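One structure below.
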Amino acid sequence: MTTATATPGTQPRFEPALMRRKMNGTIFYGACLLAIAILILALIALLLNVVVVGLPWLDPQFITGMPSRRPTQTGVFPALIGSIQLALIVGAITFPIGIGAAVYLAEYAPDNRITRLLQTNISNLAGVPSIIYGIFGLAVFVRLLGLGPVLFSGAATLALVILPLVIIASIEALKAVPQAQREGAYALGASQWQMVRGSVLPAAAPGIMTGIILAMARAIGEAAPLVVIGAATFVTSLPQPLQGGFTVLPIQVFNWAQRPQADFQGVAAAAIIVILVLIFILNLLALIVRARLSRHIQW
Amino acid sequence: MAAQQIQLTRRRPWSERIIELLLFAAAALGILTTIGIVVILVVQTLQFFQIVNPIDFLTGTVWSASIQPYKFGVLALVSGTLLVAIIAMLIGTPLGLLSAILLSEYSSNRVRNVVKPVLETIAGIPTIVLGFFAINFLSPEILQPLFGVGLFSALAGGIVVGILVTPLIASISEDAMRAVPRGLREGAYAMGATKFEVVRKVVLPAAVSGVMASIILAMSRAVGETMAVVLAVGTFPQFSFNPLESVQTMTAFIVQIVQGETSQGSVQFLSLFAVAMVLFVMTFALNIVSAWFVRRYRTAY
């Protein structure tokens with residue numbers, strides 16, 4: 001594109017090679033569309049592959065059945081219940097801590113070194129690979145606190161994985177609340193906490209709740225930290241949070257997908273379909289909660 | 001912060017102080033997590049170094065944790081990790097950047113309504129699903145006929161991780177491009193530049209720190225990615241940069257050790273922590289550099 005710029009010594013012309021320059025633009029736009037086409041194709045191939053391989057195995061017996069060494073008789077019920085319990089416990093842990101941390105950082109924290117340290121630390125934690133959290137969970141929850149490789153240890157570990165994401169999303173939501181909202185509450189004589197609880201939090205609730213639900217969806221699909229803390233792969237009883245082995249859907253998928261036999265690949269794909277449906281439901285829930293909570297908000 | 005400017009004349013009651021303390025505790029929990037991670041990794045890595053010479057560990061290129069003679073040369077795992085991450089970046093960077101340009105510069109509503117949901121869906125897919133896709137479809141149906149690779153290859157892992165990091169690159173880059181002031185674009189148009197020239201010579205150079213930040217952060221994600229890689233790349237640690245061969249990444253080794261029957265005090269189990277330490281330091285360094293670039297583009301305009 002040397003013709004496009006007027007370099008010293010050459011005569012600048014008004015429309016140097018405009019046709020060719022526009023042509024380059026069209027080619028580039030074509031490349032952008034091609035990139036999107038590749039992504040769409042990859043996504044379709046991925047989903048189609050899972051559905052084609054997995055759908056024949058997806059029957060009521062698979063959903064409600066216990067695992068078996070034989071793929072034709074196996075089921076994912078303990079893993080499904082494990083995943084749902086896990087998501088609920090993760091949500092229950094993340095909800096108070098995530099909102100509390102976000103409220104402190106967005107509403108209370110003075111602008112000093114400690115605050116900046118807390119903020120930097122949270123964004124750094126968001127970048128730590130989840131498998132490292134697994135090692136932390138193994139050392140602290142499983143060994144130090146002596147909980148063992150139980151569902152609660154897994155949930156606590158996953159809660160730590162998603163906390164930075166929840167805190168960052170909640171801070172964004174709190175910062176989007178207009179300042180007038182706070183001043184209005186103070187004008188009515190509210191204390192700082194009354195202001196936060198009665199005025200700011202309800203206004204930020206749609207954003208915060210969406211963040212938490214989407215983070216729970218992420219936790220449902222996460223497997224690496226659970227492999228490290230020692231989730232079992234063959235569990236024939238329903239998990240109890242504080243005792244006994246547990247398994248979850250992504251662990252089941254991992255276990256089956258490692259085996260080359262077509263039947264095991266089939267049940268792995270079927271379990272993936274169950275995970276994707278769960279994640280879809282949570283995304284839908286996030287949309288509904290968001291719409292409901294923002295009904296009364298107007299600014 | 002802003003609320004602090006409003007002065008209260010009455011002394012704050014004790015209940016208010018307790019609440020603030022609780023909120024502070026929630027925010028400070030992350031510090032404990034960080035300290036915990038660092039202490040665990042350092043203590044166990046030092047124990048490992050009492051058995052294996054740290055210099056042999058950091059400079060050795062042969063890794064054999066389960067077959068005698070035991071060798072712990074971490075470069076074999078680091079090379080596998082970097083190989084997968086580099087392939088991922090070669091795929092994720094053009095896809096993510098072009099999507100970002102489409103979203104930020106060319107976005108008609110019609111294009112946006114397709115591109116955004118596609119990227120969000122990819123971002124929401126659990127990584128284990130991408131691993132399954134790699135060994136169930138990508139490797140046997142596409143890569144094997146094309147390149148004659150085995151079921152496990154760095155290439156297969158790199159491709160799925162590349163797809164995985166595309167939404168991340170796209171969203172941060174789009175952010176950076178949107179932060180470029182309109183005036184810059186309009187100035188270029190006034191000089192007679194075409195749309196493509198504006199994108200290439202004005203928007204991209206102006207957004208370069210954000211684009212760099214997104215690529216480095218994606219690299220960090222790729223280095224730390226576990227489940228997509230474990231299934232796809234195999235369990236054969238070797239110091240090789242041939243994408244068609246089976247390798248082992250640091251994350252995949254950690255999974256192999258915790259899945260196996262390794263006893264907890266053994267040198268194999270301790271090596272897990274040393275590998276995790278290398279992984280932690282690598283991703284941490286990448287995150288720091290990425291954050292530095294983000295700060296640069298946020299303050300630029």
Looking at region B:62-151, what helices (runs of 4 or more DSSP H) fall wholly within it and have at least 2 residues that are in contact with a Pro (Cβ under 6 Å, 6 or more places away or on another chain), more than 12 Å from chain A (Cβ to nearest Cβ) and closer than 30 Å to B:F273 by Cβ?
B:75-105
Filtering region A:222-253 for residues that are surrounded by fewer than 24 Cβ atoms within 10 Å (Cβ to Cβ), closer than 19 Å to A:I63 by Cα and not polar (S, T, N, Q) leaves a count of 4
Residue in region B:176-197 that is farthest from the chain's Cα centre (by Cα), counting only those that are free of Cβ contacts under 8 Å to residues at least 24 places away in the same chain and within 22 Å of B:S99 (Cβ to Cβ)
B:T194
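Does A:A101 satisfy the condition of being over 17 Å from A:A271 (Cβ atoms), assigned by TED's automatic domain parsing to the domain that holds A:L158 and either surrounded by fewer than 17 Cβ atoms within 10 Å (Cβ to Cβ) or modelled with pLDDT of 95 or more (or both)?
On the way: over 17 Å from A:A271 (Cβ atoms): yes; assigned by TED's automatic domain parsing to the domain that holds A:L158: yes; either surrounded by fewer than 17 Cβ atoms within 10 Å (Cβ to Cβ) or modelled with pLDDT of 95 or more (or both): yes.
In short, yes.
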Would a scan of region B:243-252 turn up a residue that is surrounded by 23 or more Cβ atoms within 10 Å (Cβ to Cβ) and facing another protein chain (nearest Cβ under 8 Å)?
yes
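Restricting attention to region A:57-104, report how many residues are within 25 Å of A:S237 (Cα to Cα), part of a helix (DSSP H, G or I) and not polar (S, T, N, Q). Spell out the reasoning first.
Kept after step one, since they are within 25 Å of A:S237 (Cα to Cα), are these residues of region A:57-104: A:57-93.
Within this subset, residues satisfying the condition of being part of a helix (DSSP H, G or I) are A:57, A:60-64, A:71-73, A:77-93.
Subset that is not polar (S, T, N, Q): A:57, A:60, A:62-63, A:71, A:77-82, A:84, A:86-93.
Result for region A:57-104: 20.
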When region A:178-223 is examined, which residues are found to be within 20 Å of the chain's Cα centre (by Cα), over 22 Å from B:I254 (Cα atoms) and facing another protein chain (nearest Cβ under 9 Å)?
A:L214, A:A217
Identity of the residue in region B:14-42, facing another protein chain (nearest Cβ under 9 Å) and in contact (Cβ under 8 Å) with a residue 12 or more places away in the chain, that ends up nearest to the chain's Cα centre (by Cα)
B:I37
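Conditions tested, residue by residue: (1) more than 13 Å from chain B (Cβ to nearest Cβ); (2) of a type in the set (V, I, T); (3) in contact (Cβ under 8 Å) with a residue 40 or more places away in the chain.
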{"site": "A:L43", "(1), (2), (3)": "no, no, no"}
{"site": "A:V53", "(1), (2), (3)": "no, yes, yes"}
{"site": "A:Q73", "(1), (2), (3)": "yes, no, no"}
{"site": "A:G100", "(1), (2), (3)": "no, no, no"}
{"site": "A:D111", "(1), (2), (3)": "no, no, no"}
{"site": "A:I114", "(1), (2), (3)": "no, yes, no"}
{"site": "A:T120", "(1), (2), (3)": "no, yes, no"}
Here the residues within region A:122-153 that are more than 8 Å from every other protein chain (Cβ to nearest Cβ), farther than 22 Å from B:V275 by Cα and assigned to a helix (DSSP H, G or I) are A:L151, A:F152, A:S153
Checked region B:174-204 for anything within 11 Å of another protein chain (Cβ to nearest Cβ) and of a type in the set (V, I, T); matches are B:T194, B:V198, B:V199
What number of residues within region A:224-280 are aromatic (F, W, Y), more than 22 Å from the chain's Cα centre (by Cα), closer than 24 Å to A:P149 by Cα and part of a helix (DSSP H, G or I)?
1
Residues in region B:235-248: is at least one at negative phi, in contact (Cβ under 8 Å) with a residue 12 or more places away in the chain, assigned to a helix (DSSP H, G or I) and among the β-branched types (V, I, T)?
no
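The values are calculated or read from the model by the stated rules, or taken from the named source; none is laboratory data. As the structure is a prediction and not an experimental result, all values here were calculated from the model. Note that each Cβ is placed from the backbone with ideal geometry, even for glycine, and that neighbours are counted across all protein chains shown.
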